[in-house]
1. Quick one: which residue in 41, 33, 23, 27 is in contact with a Lys or Arg (Cβ under 8 Å, 6 or more places away or on another chain) and within 20 Å of residue 168 (Cα to Cα)?
2. Does residue 34 qualify as being touching a Pro at 6+ places or on another chain (Cβ under 9 Å), modelled with pLDDT under 95 and not acidic (Asp, Glu)?
3. Can you pull out every residue in the stretch 87-106 that is over 21 Å from the mean Cα position of the chain (by Cα) and either basic (Lys, Arg) or within 16 Å of residue 213 (Cβ to Cβ) (or both)?
4. Looking only at the stretch 220-232, decide whether some residue is free of Cβ contacts under 8 Å to residues at least 24 places away in the same chain and in a helix (DSSP H, G or I).
5. Would you call residue 75 within 21 Å of residue 42 (Cβ to Cβ), β-branched (Val, Ile, Thr) and surrounded by fewer than 20 Cβ atoms within 10 Å (Cβ to Cβ)?
Amino acid sequence: MLSSIVVGILNTSISEGLVFGFVTIGVFLTFRVLAFPDLTVDGSFVVGGSIAAVMIFAGCNPFLATIAAFMGGLITGSITGLLNTKLRLSALLAGILMMVGLYSVNLLIMGRPNTPMLRSITIFDSIAGWFGTTRSIILVIIALAVIAFIVFMILNWFLRTETGLALRASGDNERMVRGLGSDTDKNVIMGCALANGLVALSGALVAQNQQFCDVNMGIGMIVMGLAAVIIGEAVIRPRGITSTLLACFAGTFIYRLFITVALRLGLAPGNLKLITALLVIIALAIPYIQKKLRHEWMPPAARM
């Protein structure tokens, strides 16, 4: 009995860790790489889910629908980057405006608050059909692991290219990168687009896994992603881009494991957002407390 409960918790945590890992990588790209506090995530997650759900419900190929969802995320991220670089809106304000606007956009895409896919063929149903079996949690984990591996390898390669290095450097020292002749505005737009594309991909896969998309399912994604980034960095302490990407998935798995165990112990689902927020506050406060104990000087917190 106990072993079956443990296996169930691990299976759920692994599958959710893999699918939400794309959200964590997206948050990492904006917050850590670009130093861009992008709140578009809560909206672009649902953009991916709504596009995939509507297309699959209409009978489209689920793989094509997933690619379209990724493209939708690229567009939303690009708009956020354009608001910041071309209209000179602050990153925080640009993200807030996009997050608010995307709520209505998602309603327009679906035409209603939620779209079911109970009788539609999703990616996981198609893969199960290839092997002549039925959909199961193990098959879902394998499918997500393959997708995660492909995305991991592509990102690991891209972020080592000249364009990827310029993208990574833009967040560290934008003035230096501009002085070397690289277009930092283009780097910001590209980074925001890629980050939100990955978040939308996650939304599309989550919608297909749970077989419905709801307009409110993206609430709290930015907090979850930030919590997973912090946990992953604390556990793995990454030194390079490969270990950093692995830390994103590891942090997401640990976070989802914590959430799954909390739910199994009877914690009310409505309290999970509060616990997540407290977890992030504690994780962010630890470095400050350590420096205070060592009597080191800390600069004032950024206001914008």
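The values are calculated or read from the model by the stated rules, or taken from the named source; none is laboratory data. What you see is a predicted model; the values in this text were computed from it and never measured. Methodologically, a virtual Cβ is constructed for each residue, glycine included, from the backbone with ideal geometry; neighbour enumeration extends over all protein chains shown.
1. 33
2. no
3. Passing the criteria: only 88.
4. The answer is no, given that none of the residues of the stretch 220-232 is free of Cβ contacts under 8 Å to residues at least 24 places away in the same chain and in a helix (DSSP H, G or I).
5. yes
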